[in-house]
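Following this message is one structure expressed as structure tokens.
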Amino acid sequence: MSLDKDQVQHIAMLARLRLADDEFAETVDKLSRIVDFVDQLSQAATDDVVPMAHPLNASQRLRADRVTETDRRDDIQENAPSVEGGLYLVPKVIE
Amino acid sequence: MSSPWEVVIGLEIHAQLATVSKIFSGASTAYGAEPNTQACLIDLGYPGVLPVLNEEAVRMACKFGLSVNATVARRSVFARKNYFYPDLPKGYQISQYELPIVENGELMITGGDGNQKRIGITRAHLEEDAGKSIHEGFGRSSGIDLNRAGTPLLEIVSEPDLRSAKEAIDYMRKIHTIVRYLGISDGNMQEGSFRCDANVSIRPSGESELGTRTEIKNLNSFRFVEKAINFEIERQIELIEDGGKVVQETRLYDSDRDETRSMRSKEEANDYRYFPDPDLLPIEIDDDYVEAVRATLPELPDAKQRRFVADYGLRQEDAGILVGTRAVADYFEAAAVATGAGAQIVANWVLGDLSAALNRDGLDIDGSRISPARLAGLLDRIDDNTISGKIAKEVFEALWAGEGTADEIIDKKGLRQITDAAAIEAVVDEIIAANPTQVADYQSGKDKLIGFFVGQVMKATGGKANPGQVNAILKDKLGSA
Amino acid sequence: MSQDLHTLTLTQLAAGLGNGDYSSVQLTEALLARIASLDKTLNAFVTVTADAALAAARRADESRAAGKGGVLNGLPVVHKDIFCTRGVLTTCGSRMLENFVAPYDATIVERLNAAGAVVLGKTNMDEFAMGSSNETSYFGPVRNPWDLERSPGGSSGGSAAAVAARFAPAATGTDTGGSIRQPAALTGTVGLKPTYGRVSRYGMIAFASSLDQAGVITRSTEDAALLLGVMAGLDERDSTSIDHPVPDYVDALSGPIDGLRVGVVRQHFDAGLDEKCAAAVREALAVLEARGAVLTEVDLPNLDLSVPTYYVVAPAECSSNLSRFDGIRFGHRADNPEDLLDLYCRSRGEGFGAEVKRRIMTGTYVLSAGYYDAYYLKAQQVRQLIADDFKKAFAEVDVIAGPTSPTPAFKLGDKTDDPITMYLNDIYTIGANLAGLPALSTPCGFVEGLPVGLHLVGPHFGEAALLRCSHHYEQETDWHTACPESYR
């Protein structure tokens, strides 16, 4: 196994995913296989190769600074699981 | 003076850019709207939506870069900073990481020793602001308002060149002045448009390695920055002198208790997993663009201050205060050009009576009830002896109340100064005749009594007699003491 | 009115509607009836929008009567359920979006609507487009009309099955690593993935932003050309869409292919490719040669690395793209969360299926501190090598031809145990996504009664040549007109 349980637990936490117990064991196995598989990249000779972040060699187009959106809060919030007074509710955030 | 500890401070200032729409969407950035009414699908991170960059945000960042003598990157890249938080709708913040738009800037402040000191600006990058969590009023829940999400920010990162809370404040004020001069941020600290994080560490004097730093988050007033840094310096010194160690952590300043405290980070250490945002392409800027932006730059505070001293002969400190706000400097200059009374007089009035009146009525210079031209009109009448300085205060109040121009007020109220020597002599004769005891005392050596006689004459003339003439005539008539 | 409207292609239907042989309402009713009776077993749809479709058909008939209407006026299409459709459920095949009603239309939905298209419904797909078999859908797998025990491929499996089963003449799809072309190959349909940036991604729920591209699945190359002309072009709402002129793709079909240089990739016929599939592809190449194309061998030396590269880049982007599904503004939210962390972890743990979670975790891992350089950065470098390989090849040839998929349709459940076996299915298609190239798959024969696809790849914005090559091939063969027996 290229990944151990603790590593998988850490990744799941970073990704905010709760896995059921049986799911967790399977994930350790399958993720390890995926990581082993992509490890073959290490053999590629890539000295001096500029990483390619994008398929096309283009630059960013800019938009004019204009207000084009109107208020659609009530319409949009029909998809929200929990709202009150126009605010989205979450369990209390403690700092 | 010779503390065994040297303080090292770096500031990360977040200035909200004064665009009308957000950095990646067409939603309004106006402050104070009903919750979530200015959060469009893009700001909310709805499935399928994409960001498109606001050109004005790029121009503003470029303006700032040129104003602090920085390099404006010909190619810069947006990256995603990944973390989960309810006020961060997409689960990542679009920011700039490896290739920011502005690098290697600088500005000068007055250092602790009174000399000019260079503070390096490592970088300034564009990013989007997050929303706000509201913790009161929802029982066991917090409410999330995403109106602010997506508002453009310029994060300005200084080198760790600051050596005291005072230097930090001076630097921050200077940045504040610059962004307002450029019109790229309203700098409104109450509304959170201008705020900073302070990185503070200490090290033994003479040491070159940096000590472990703490980061104090979200300071939104100059006073809090000063207090928080001073508290933190004391805390770190005590900690180390007691044999402890500073822990690298994020701390929060509590203004009610005037202390900083650790933000309980119950999570794992941050791992933001930055990578280039594939929804946005590199920003490419050419020399023509940069030069076109440079051509639009206003005169900046330092240059203006030098010019006010050189061209108007102002005192260095007065010029410094005047240029602190671009509108005040403009007011001063408009009045100075319009009057023959002399620029230093104008500065005295702007920094004195006018500032006091503005303060009293809670106005800023744009709300002044007296235009530069009317102030100039008043100062001209002092200069040509039409009114005395004392009467001028009365005229100023009438100007403030909107009763007309200085000339109209002087005429209407009959405030013109009496400069006719015969008329003044007549009054002086009356006063001398009516106060034989004081005359005798004066003539026997109590020369301070001159003030009494002047007061009596002024009283009798309703303050309108020219004080210089009154003095001269009195001395002449009373003979030397 | 003919009983066989469902057998006609878009181009044929456009002519029939134009001649007044039937109305759009009649056509729409016929297809809706077919879907209602036949889709229970196939499971190609997540949502059928019958009422809206009939209303749109009526409007189309009215505008036609008034002498108006766009190029697709009254023509039925279906959308992959990854495209946002205003007021209509948009699930992306996930429990996470089981109840999500999009408040806006994707740009391509808007463009097809504006051209007069009638949308019959939203098609099933692998969850968030992550899969090659349609088995990761929360709404159950789609079955292949050629053999109900088999997968139609994925992730646009519902779209491919719907077109193959004659539920609709055309469907939209998305392709991140082969998700249009592989299901097209496995269902005997034509699948086109345009150049990255050719078609707007706005309103298409993102899987991997630098690889995703919208395209179409049809029953003829001509139909694909017709639809591409409507969908393509700059969109101000997508920073990555490119301002490049849109030619008349239908017009471009008729040009000759005499002298067209067709590259055959040495590595394509290595072990891994089913021998009978290889034979079908070789036969197709011979057909092209007979029509005047010149076959040339080309080299793609880093082909083997394309799959591992993809399985770093795509998960990395997806791990970030899917962070917005947090149970707060839309989507699944866990009941009674204890605290904020619990809200996140359970909403996401419950809302996402196993494959999606694996990819999110893979992506989180390759971007995390200490692994970024070894995986993500390395993969972006290899990606550049792969793009360079294609660039070199296209200096010598106009089109690269080969197999779309290493095998014909496989049985449902056959490849679900080992993620790697499933991933290797995309070996021939992934390169085009990594390099942003246009590519299509067109039917080129059968192996044991199952369709096989011919894969064509072109240089950036080379869609017209690809379509022309495929169209010529279809003039010589009738594989693309074959229909599964139960769906005639």
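The values are calculated or read from the model by the stated rules, or taken from the named source; none is laboratory data. The shown structure was predicted, so the numbers you read here are calculated from the model rather than taken from an experiment. When we count neighbours, we look across all protein chains shown, and the Cβ atoms used for this are built from the backbone with ideal geometry, even at glycine. In case anyone asks, the SASA skips ligands and DNA or RNA and just uses the protein heavy atoms, side chains included. Shrake-Rupley method; radii C 1.70, N 1.55, O 1.52, S 1.80 Å.
Looking at segment A:13-30, I want the residues that are within 7 Å of chain C (Cβ to nearest Cβ) and have a partner that is part of a loop (DSSP other than H, G, I, E, B) with Cβ atoms under 8 Å, at least 6 apart or on another chain. Which pairs are those?
Close Cβ pairs (under 8 Å, with a partner that is part of a loop (DSSP other than H, G, I, E, B)) amount to A:LEU14/B:GLU268; A:LEU14/B:ASP271; A:LEU14/B:ARG273; A:LEU14/C:SER368; A:ARG16/B:PHE84; A:ARG16/C:ASP326; A:LEU17/C:PHE352; A:THR27/A:LEU19.
Among (1) over 21 Å from the mean Cα position of the chain (by Cα); (2) open to solvent by less than 40 Å² (accessible area, probe 1.4 Å); (3) among the polar types (S, T, N, Q), which single condition is C:THR9 missing?
Of the numbered conditions (1) over 21 Å from the mean Cα position of the chain (by Cα); (2) open to solvent by less than 40 Å² (accessible area, probe 1.4 Å); (3) among the polar types (S, T, N, Q), the odd one out for C:THR9 is (1).
It is to be established whether one or more residues within segment B:115-123 are small (Gly, Ala, Ser) and surrounded by 19 or more Cβ atoms within 10 Å (Cβ to Cβ).
no
Shifting gears a bit: Just one of (1) under 26 Å from C:ALA185 (Cα atoms); (2) out of contact with any Pro (no Cβ under 7 Å at 6 or more places or on another chain); (3) crowded, with 20+ Cβ neighbours inside 10 Å; (4) of a type in the set (Gly, Ala, Ser) trips up C:ALA232, so point out which.
With (1) under 26 Å from C:ALA185 (Cα atoms); (2) out of contact with any Pro (no Cβ under 7 Å at 6 or more places or on another chain); (3) crowded, with 20+ Cβ neighbours inside 10 Å; (4) of a type in the set (Gly, Ala, Ser) applied to C:ALA232, the lone miss is (2).
Can you tell me which condition C:CYS277 does not meet? The list is (1) touching a Lys or Arg at 6+ places or on another chain (Cβ under 7 Å); (2) under 30 Å from C:ALA208 (Cβ atoms); (3) away from chain B (no Cβ under 13 Å), and all the others hold.
(1)
Oh, and also: Being in contact (Cβ under 8 Å) with a residue 40 or more places away in the chain and either in the same structural domain as B:PHE64 (by TED's automatic domain parsing) or not polar (S, T, N, Q) (or both) is the filter here; which residues of segment B:300-326 pass it?
We begin by selecting, within segment B:300-326, every residue in contact (Cβ under 8 Å) with a residue 40 or more places away in the chain; these are B:300-302, B:323-326.
Across segment B:300-326, the qualifying residues are B:LEU300, B:PRO301, B:ASP302, B:VAL323, B:GLY324, B:ARG326.
Still on this structure, please answer the following. Assess whether B:MET108 counts as being of a type in the set (A, V, I, L, M) and not in a strand (DSSP E or B). Write out each step before concluding.
On the way: of a type in the set (A, V, I, L, M): yes; not in a strand (DSSP E or B): no.
In short, no.
Just the residues that are more than 7 Å from chain C (Cβ to nearest Cβ), aliphatic (A, V, I, L, M) and within 28 Å of C:PHE330 (Cβ to Cβ), please, taken from segment A:49-76.
Result: A:VAL67, single match.
Can you name every residue in segment B:359-386 that is part of a loop (DSSP other than H, G, I, E, B), free of Cβ contacts under 8 Å to residues at least 60 places away in the same chain and either under 27 Å from B:ASP420 (Cα atoms) or not basic (Lys, Arg) (or both)?
Passing the criteria: B:GLY362, B:LEU363, B:ASP364, B:SER368, B:ILE370, B:SER371, B:ASP384, B:THR386.
Of the residues that make up segment B:76-85, is at least one polar (S, T, N, Q) and assigned to a strand (DSSP E or B)?
The first filter runs over segment B:76-85 and keeps only residues polar (S, T, N, Q), leaving B:76, B:82.
Now restrict to residues that are assigned to a strand (DSSP E or B): B:76, B:82.
Within segment B:76-85, one or more residues are polar (S, T, N, Q) and assigned to a strand (DSSP E or B).
Taking the options C:ALA409, C:ALA395, name whichever one is without any contact (Cβ under 8 Å) to a residue 12 or more places away in the chain and within 28 Å of C:ALA225 (Cα to Cα).
Numbers: C:ALA409 fails: without any contact (Cβ under 8 Å) to a residue 12 or more places away in the chain.
Going through C:ALA409, C:ALA395 in turn, just one is without any contact (Cβ under 8 Å) to a residue 12 or more places away in the chain and within 28 Å of C:ALA225 (Cα to Cα): C:ALA395.
Could we say that B:LYS390 is assigned to a helix (DSSP H, G or I), in the same structural domain as B:PHE332 (by TED's automatic domain parsing) and over 30 Å from B:ARG326 (Cβ atoms) here?
yes
Starting from residues that are part of a helix (DSSP H, G or I) and not aliphatic (A, V, I, L, M), keep the ones in segment C:52-99 and report whichever is nearest to C:ARG34 (Cα to Cα).
Within segment C:52-99, the first condition is being part of a helix (DSSP H, G or I), and the residues that meet it are C:52-65, C:95-97.
From what's left, not aliphatic (A, V, I, L, M): C:58-59, C:61-64, C:95.
On the way: C:ARG58: 19, C:ARG59: 22, C:ASP61: 21, C:GLU62: 24, C:SER63: 26, C:ARG64: 25, C:ARG95: 27 Å.
For segment C:52-99, the residue satisfying everything is C:ARG58.
Given the options B:GLY479, B:GLY463, name the one that is within 22 Å of B:ASP383 (Cα to Cα), open to solvent by less than 50 Å² (accessible area, probe 1.4 Å) and modelled with pLDDT under 85. Full working, then the answer.
On the way: B:GLY479 fails: within 22 Å of B:ASP383 (Cα to Cα).
Going through B:GLY479, B:GLY463 in turn, just one is within 22 Å of B:ASP383 (Cα to Cα), open to solvent by less than 50 Å² (accessible area, probe 1.4 Å) and modelled with pLDDT under 85: B:GLY463.
May I ask you to list the residues in segment A:77-95 that are more than 7 Å from chain B (Cβ to nearest Cβ) and hydrophobic (A, V, I, L, M, F, W, C)?
Of everything in segment A:77-95, those that are more than 7 Å from chain B (Cβ to nearest Cβ) and hydrophobic (A, V, I, L, M, F, W, C) turn out to be A:ALA80, A:VAL83, A:ILE94.
Which numbered condition trips up B:SER185, out of (1) closer than 30 Å to B:LEU50 by Cα; (2) modelled with pLDDT of 95 or more; (3) open to solvent by 30 Å² or more (accessible area, probe 1.4 Å); (4) part of a loop (DSSP other than H, G, I, E, B)?
If we test B:SER185 against (1) closer than 30 Å to B:LEU50 by Cα; (2) modelled with pLDDT of 95 or more; (3) open to solvent by 30 Å² or more (accessible area, probe 1.4 Å); (4) part of a loop (DSSP other than H, G, I, E, B), just (3) comes out false.
Another question, then. So C:LEU211 clears everything in (1) within 14 Å of chain B (Cβ to nearest Cβ); (2) outside any loop (DSSP other than H, G, I, E, B); (3) not acidic (Asp, Glu) except one condition, right? Which one?
(2)
Has segment B:26-37 got any residue that is part of a helix (DSSP H, G or I) and of a type in the set (Val, Ile, Thr)?
No: zero hits.
Before we move on, is B:GLU136 within 14 Å of chain C (Cβ to nearest Cβ), open to solvent by 50 Å² or more (accessible area, probe 1.4 Å) and not polar (S, T, N, Q)?
In short, no.
Now for a different question. Across segment A:59-92, what is the number of residues that are over 24 Å from the mean Cα position of the chain (by Cα) and either buried (at least 16 other Cβ atoms within 10 Å of the Cβ) or not acidic (Asp, Glu) (or both)?
Taking segment A:59-92 first, the residues over 24 Å from the mean Cα position of the chain (by Cα) are A:59, A:61-75, A:78, A:83-87.
If we keep only those that are either buried (at least 16 other Cβ atoms within 10 Å of the Cβ) or not acidic (Asp, Glu) (or both) as well, we get A:59, A:61-73, A:83, A:85-87.
Looking only at that region, the number is 18.
Same structure again: Could you please find all residues in segment C:112-133 being surrounded by 22 or more Cβ atoms within 10 Å (Cβ to Cβ) and part of a helix (DSSP H, G or I)?
C:LEU112, C:GLU127, C:PHE128, C:ALA129
Still on this structure: Could you list, in sequence order, all residues of segment C:366-388 that are in contact (Cβ under 8 Å) with a residue 12 or more places away in the chain and buried (at least 21 other Cβ atoms within 10 Å of the Cβ)?
Of everything in segment C:366-388, those that are in contact (Cβ under 8 Å) with a residue 12 or more places away in the chain and buried (at least 21 other Cβ atoms within 10 Å of the Cβ) turn out to be C:VAL366, C:LEU367, C:TYR375, C:TYR376, C:LYS378, C:ALA379, C:GLN380, C:VAL382, C:ARG383, C:ILE386.
Here is a further query. Can B:ILE432 be described as hydrophobic (A, V, I, L, M, F, W, C) and in the same structural domain as B:ASP366 (by TED's automatic domain parsing)? Can you show your working first?
On the way: hydrophobic (A, V, I, L, M, F, W, C): yes; in the same structural domain as B:ASP366 (by TED's automatic domain parsing): no.
Answer is no for this residue.
Please report, ordered by residue number, the helices (runs of 4 or more DSSP H) entirely within segment C:228-326 with at least 1 residues that are without any contact (Cβ under 8 Å) to a residue 24 or more places away in the chain and more than 22 Å from C:GLY445 (Cβ to Cβ).
The qualifying helices (runs of 4 or more DSSP H) are C:249-252.
If you don't mind, another one. Check whether at least one residue in segment C:90-108 is among the acidic types (Asp, Glu), open to solvent by less than 10 Å² (accessible area, probe 1.4 Å) and more than 28 Å from C:SER23 (Cβ to Cβ), and report yes or no.
Our first condition is that a residue be among the acidic types (Asp, Glu); within segment C:90-108, this holds for C:98, C:105.
Within this subset, residues satisfying the condition of being open to solvent by less than 10 Å² (accessible area, probe 1.4 Å) are none.
No, segment C:90-108 contains no residue that is among the acidic types (Asp, Glu), open to solvent by less than 10 Å² (accessible area, probe 1.4 Å) and more than 28 Å from C:SER23 (Cβ to Cβ).
Look through C:GLY154, C:GLY121, C:GLY93, C:GLY178 and report the one residue that is at pLDDT below 95 and either within 14 Å of another protein chain (Cβ to nearest Cβ) or closer than 27 Å to C:GLU222 by Cβ (or both).
Unique residue meeting the criteria: C:GLY154.
Something else: Condition check: within 14 Å of chain B (Cβ to nearest Cβ), in contact (Cβ under 8 Å) with a residue 60 or more places away in the chain and open to solvent by 10 Å² or more (accessible area, probe 1.4 Å). Does C:ALA206 satisfy that?
Criteria met by C:ALA206.
Also, I was wondering about something else. State which residue is nearest to the other protein chains (Cβ to nearest Cβ) when the search covers only segment B:31-72 and only residues that are out of contact with any Lys or Arg (no Cβ under 9 Å at 6 or more places or on another chain) and open to solvent by 30 Å² or more (accessible area, probe 1.4 Å).
B:GLU56
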